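Here the structure comes first, spelled out in C-alpha coordinates, and everything after it is commentary.
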Amino acid sequence: MSQFFYIHPENPQPRLISQAVDYLNKGGVIVYPTDSGYALGCRLEDKSAMERICRLRQLDGNHHFTLMCRDLSELSVYAQVDNSAFRLIKNNTPGCYTFLLKATKEVPRRLMNEKRKTIGLRVTAHPVAQALLEALNEPMMSTTLMLPGNEFAESDPEDIQDSIGKQVDLILNGGTIGQQPTTVVDLTGPAPEVVRVGSGDPAPFS
(Lines give C-alpha, C1' and ligand atoms only; values in the text may rest on other atoms or scores of the structure.)
Protein backbone atom coordinates (compact mmCIF):
# COMPACT_ATOMS: atom_id res chain seq x y z
CA MET A 1 0.00 0.00 0.00
CA SER A 2 1.21 3.51 -0.76
CA GLN A 3 2.42 6.01 1.79
CA PHE A 4 -0.23 8.61 2.64
CA PHE A 5 0.96 12.04 3.80
CA TYR A 6 -1.35 14.77 5.09
CA ILE A 7 0.23 17.89 3.64
CA HIS A 8 -0.83 21.48 4.25
CA PRO A 9 -2.36 22.76 0.97
CA GLU A 10 -1.10 26.34 1.39
CA ASN A 11 2.06 25.92 3.48
CA PRO A 12 3.40 22.45 2.66
CA GLN A 13 5.75 21.02 5.26
CA PRO A 14 9.34 20.98 3.89
CA ARG A 15 10.00 17.61 5.54
CA LEU A 16 7.13 15.99 3.61
CA ILE A 17 8.14 17.68 0.36
CA SER A 18 11.68 16.34 0.83
CA GLN A 19 10.36 12.82 1.40
CA ALA A 20 8.14 13.09 -1.70
CA VAL A 21 11.17 14.08 -3.80
CA ASP A 22 13.04 11.06 -2.38
CA TYR A 23 10.25 8.84 -3.69
CA LEU A 24 10.52 10.48 -7.12
CA ASN A 25 14.31 10.13 -7.19
CA LYS A 26 14.00 6.42 -6.38
CA GLY A 27 11.73 5.83 -9.36
CA GLY A 28 8.42 6.29 -7.59
CA VAL A 29 5.02 7.36 -8.87
CA ILE A 30 3.27 9.94 -6.69
CA VAL A 31 -0.20 11.46 -6.50
CA TYR A 32 -0.17 15.18 -5.74
CA PRO A 33 -2.64 18.10 -5.73
CA THR A 34 -2.82 20.74 -8.45
CA ASP A 35 -5.20 23.65 -8.99
CA SER A 36 -7.37 21.40 -11.18
CA GLY A 37 -7.68 18.05 -9.43
CA TYR A 38 -5.09 15.48 -8.42
CA ALA A 39 -2.31 14.40 -10.79
CA LEU A 40 0.15 11.53 -11.18
CA GLY A 41 3.82 12.45 -11.35
CA CYS A 42 7.26 10.91 -11.85
CA ARG A 43 10.77 11.92 -12.91
CA LEU A 44 11.14 13.01 -16.51
CA GLU A 45 13.85 10.44 -17.24
CA ASP A 46 12.17 7.52 -15.47
CA LYS A 47 10.86 5.15 -18.15
CA SER A 48 9.59 2.42 -15.81
CA ALA A 49 7.63 4.91 -13.65
CA MET A 50 6.05 6.37 -16.77
CA GLU A 51 5.09 2.88 -17.96
CA ARG A 52 3.37 2.30 -14.62
CA ILE A 53 1.35 5.50 -15.11
CA CYS A 54 0.39 4.39 -18.64
CA ARG A 55 -0.87 1.05 -17.32
CA LEU A 56 -2.75 2.69 -14.48
CA ARG A 57 -4.51 5.15 -16.80
CA GLN A 58 -4.60 2.79 -19.83
CA LEU A 59 -2.89 5.37 -22.06
CA ASP A 60 -1.51 4.93 -25.57
CA GLY A 61 1.04 6.79 -27.70
CA ASN A 62 -1.47 9.46 -28.69
CA HIS A 63 -1.75 10.77 -25.14
CA HIS A 64 -0.19 14.15 -24.40
CA PHE A 65 1.96 13.87 -21.32
CA THR A 66 2.62 17.13 -19.54
CA LEU A 67 5.80 18.69 -18.29
CA MET A 68 4.82 20.32 -15.01
CA CYS A 69 7.14 23.32 -14.63
CA ARG A 70 7.85 25.81 -11.86
CA ASP A 71 7.87 28.73 -14.28
CA LEU A 72 8.70 29.50 -17.91
CA SER A 73 12.49 29.43 -17.50
CA GLU A 74 12.67 25.84 -18.80
CA LEU A 75 10.23 26.38 -21.66
CA SER A 76 12.72 26.83 -24.50
CA VAL A 77 14.66 23.71 -23.46
CA TYR A 78 11.68 21.42 -24.05
CA ALA A 79 9.41 23.25 -26.51
CA GLN A 80 9.61 25.27 -29.71
CA VAL A 81 7.80 28.54 -29.01
CA ASP A 82 7.44 31.63 -31.18
CA ASN A 83 6.98 35.11 -29.71
CA SER A 84 3.19 35.23 -29.95
CA ALA A 85 2.78 31.80 -28.31
CA PHE A 86 5.22 32.79 -25.57
CA ARG A 87 3.25 35.94 -24.81
CA LEU A 88 0.01 33.96 -24.57
CA ILE A 89 1.59 31.43 -22.21
CA LYS A 90 3.24 34.14 -20.10
CA ASN A 91 0.00 36.07 -19.73
CA ASN A 92 -1.92 32.99 -18.57
CA THR A 93 0.49 31.25 -16.21
CA PRO A 94 0.48 30.06 -13.58
CA GLY A 95 -3.02 28.75 -14.16
CA CYS A 96 -5.33 25.89 -15.05
CA TYR A 97 -4.06 25.44 -18.60
CA THR A 98 -2.08 22.81 -20.46
CA PHE A 99 -0.37 24.12 -23.60
CA LEU A 100 0.42 21.76 -26.49
CA LEU A 101 3.72 22.68 -28.15
CA LYS A 102 6.18 21.18 -30.61
CA ALA A 103 8.78 19.28 -28.60
CA THR A 104 12.53 19.85 -28.87
CA LYS A 105 15.12 17.09 -29.06
CA GLU A 106 15.58 17.39 -25.28
CA VAL A 107 12.22 15.67 -24.72
CA PRO A 108 12.44 11.85 -24.55
CA ARG A 109 10.48 10.36 -27.48
CA ARG A 110 8.27 8.31 -25.15
CA LEU A 111 6.88 11.56 -23.68
CA MET A 112 5.79 12.97 -27.04
CA ASN A 113 2.59 12.39 -28.91
CA GLU A 114 3.76 9.71 -31.37
CA LYS A 115 2.23 11.25 -34.50
CA ARG A 116 2.60 14.98 -33.88
CA LYS A 117 5.84 15.07 -31.82
CA THR A 118 4.20 17.45 -29.38
CA ILE A 119 4.32 17.81 -25.61
CA GLY A 120 2.03 19.39 -23.05
CA LEU A 121 3.41 22.10 -20.79
CA ARG A 122 1.86 23.41 -17.61
CA VAL A 123 2.70 25.88 -14.84
CA THR A 124 0.45 25.33 -11.82
CA ALA A 125 -0.16 27.79 -9.02
CA HIS A 126 -0.80 25.11 -6.38
CA PRO A 127 1.65 25.58 -3.46
CA VAL A 128 2.26 21.83 -2.99
CA ALA A 129 3.10 21.30 -6.67
CA GLN A 130 5.28 24.42 -6.69
CA ALA A 131 7.17 23.23 -3.60
CA LEU A 132 7.72 19.80 -5.17
CA LEU A 133 9.11 21.31 -8.37
CA GLU A 134 11.33 23.70 -6.42
CA ALA A 135 12.83 20.82 -4.42
CA LEU A 136 13.13 18.51 -7.44
CA ASN A 137 14.81 21.32 -9.42
CA GLU A 138 13.52 20.06 -12.77
CA PRO A 139 10.16 19.64 -14.52
CA MET A 140 8.07 16.64 -13.51
CA MET A 141 6.37 14.28 -15.96
CA SER A 142 2.71 14.53 -15.10
CA THR A 143 -0.79 13.59 -16.15
CA THR A 144 -4.19 14.34 -14.65
CA LEU A 145 -5.41 11.52 -12.40
CA MET A 146 -8.47 10.46 -14.38
CA LEU A 147 -9.22 6.76 -13.98
CA PRO A 148 -10.25 4.75 -17.09
CA GLY A 149 -13.83 5.53 -18.07
CA ASN A 150 -14.01 8.76 -16.04
CA GLU A 151 -14.28 12.28 -17.44
CA PHE A 152 -13.27 14.11 -14.28
CA ALA A 153 -10.06 14.37 -12.31
CA GLU A 154 -9.95 12.56 -8.98
CA SER A 155 -10.58 15.03 -6.18
CA ASP A 156 -10.70 13.04 -2.90
CA PRO A 157 -7.42 11.55 -1.59
CA GLU A 158 -9.25 8.96 0.55
CA ASP A 159 -11.03 7.65 -2.56
CA ILE A 160 -7.71 7.65 -4.45
CA GLN A 161 -6.14 5.57 -1.68
CA ASP A 162 -8.99 3.06 -1.88
CA SER A 163 -8.91 2.77 -5.69
CA ILE A 164 -5.21 2.89 -6.65
CA GLY A 165 -3.34 2.81 -3.33
CA LYS A 166 -1.51 -0.36 -4.35
CA GLN A 167 -0.41 1.03 -7.71
CA VAL A 168 1.39 4.21 -6.59
CA ASP A 169 4.14 4.85 -4.05
CA LEU A 170 2.92 8.01 -2.34
CA ILE A 171 -0.28 10.03 -2.06
CA LEU A 172 0.02 13.65 -0.91
CA ASN A 173 -3.29 14.50 0.70
CA GLY A 174 -3.86 18.23 0.27
CA GLY A 175 -7.59 17.99 0.95
CA THR A 176 -10.51 17.62 -1.43
CA ILE A 177 -10.13 19.82 -4.52
CA GLY A 178 -12.00 20.53 -7.76
CA GLN A 179 -12.58 17.81 -10.35
CA GLN A 180 -12.29 19.91 -13.51
CA PRO A 181 -9.12 19.08 -15.48
CA THR A 182 -7.14 21.85 -17.17
CA THR A 183 -8.22 23.67 -20.29
CA VAL A 184 -5.99 22.37 -23.12
CA VAL A 185 -4.76 24.89 -25.71
CA ASP A 186 -2.95 23.80 -28.89
CA LEU A 187 -0.31 26.38 -29.84
CA THR A 188 1.33 24.41 -32.65
CA GLY A 189 -0.72 25.94 -35.49
CA PRO A 190 -1.09 29.44 -36.93
CA ALA A 191 -3.75 30.32 -34.33
CA PRO A 192 -4.47 29.01 -30.81
CA GLU A 193 -7.01 26.17 -30.69
CA VAL A 194 -8.85 25.22 -27.51
CA VAL A 195 -8.85 21.40 -27.58
CA ARG A 196 -10.58 20.85 -24.23
CA VAL A 197 -12.50 23.31 -22.07
CA GLY A 198 -11.80 22.71 -18.39
CA SER A 199 -11.14 24.83 -15.32
CA GLY A 200 -9.18 27.55 -17.17
CA ASP A 201 -11.13 30.31 -18.92
CA PRO A 202 -10.84 29.69 -22.71
CA ALA A 203 -11.62 33.35 -23.58
CA PRO A 204 -7.97 34.52 -23.93
CA PHE A 205 -7.42 31.99 -26.73
CA SER A 206 -10.55 32.51 -28.82
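The values are calculated or read from the model by the stated rules, or taken from the named source; none is laboratory data. Remember, it's a predicted structure, so these values are computed and weren't measured experimentally. FYI the Cβ positions are ideal-geometry reconstructions off the backbone, even for glycines, and counts take in every protein chain you see. Side chains included, ligands, DNA and RNA excluded: accessible areas come from the protein's heavy atoms. Shrake-Rupley method; radii C 1.70, N 1.55, O 1.52, S 1.80 Å.
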TODO: Find the accessible area per residue for segment 97-206; the probe is 1.4 Å, ligands and nucleic acids are left out, and the unit is Å².
DONE: 44 Å²
TODO: Tell me which residues come under 5 Å, amide H to amide H, from Asp35 once H is placed; ignore anything under 5 positions away on its chain.
DONE: Ala125, His126
Task: Calculated [θ] (222 nm, deg cm²/dmol) that DSSP helices of n ≥ 4 give over the chain, each run adding -39,500 (n - 2.57) - done: -7500 deg cm²/dmol
Open item on the list: For Cα pairs less than 8 Å apart in space and 6+ apart in sequence, what is the mean separation divided by the residue count of segment 58-187, i.e. the relative contact order in percent?
Closed with: 32 percent
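Here are some pairs, Lys105/Lys166; Lys47/Lys115; Lys26/Lys47; Lys117/Lys166; Lys102/Lys166; Lys115/Lys166; which of them have Cα atoms lying more than 24 Å apart in this structure?
From Lys105/Lys166; Lys47/Lys115; Lys26/Lys47; Lys117/Lys166; Lys102/Lys166; Lys115/Lys166, over 24 Å: Lys105/Lys166; Lys117/Lys166; Lys102/Lys166; Lys115/Lys166.
Using mean Cβ contacts within 10 Å as the protection proxy, how do 90-103, 165-178 order, highest first?
For the peptides 90-103, 165-178, the packing ranking is 90-103, 165-178.
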TODO: Give me the percent of the accessible area of the chain that comes from carbon and sulfur atoms, probe 1.4 Å, all protein chains in place.
DONE: 46 percent
TODO: Per residue of segment 86-94, in order, report the coupling 6.51 cos²θ - 1.76 cosθ + 1.60 (Karplus, θ = phi - 60°) as ³J(HN,Hα) in whole Hz, putting x for Gly and Pro.
DONE: 4, 4, 4, 5, 4, 6, 10, 10, x
Open item on the list: Please report the antiparallel percentage of DSSP beta bridges with both residues in the chain, rounded to the nearest 5.
Closed with: 60 percent
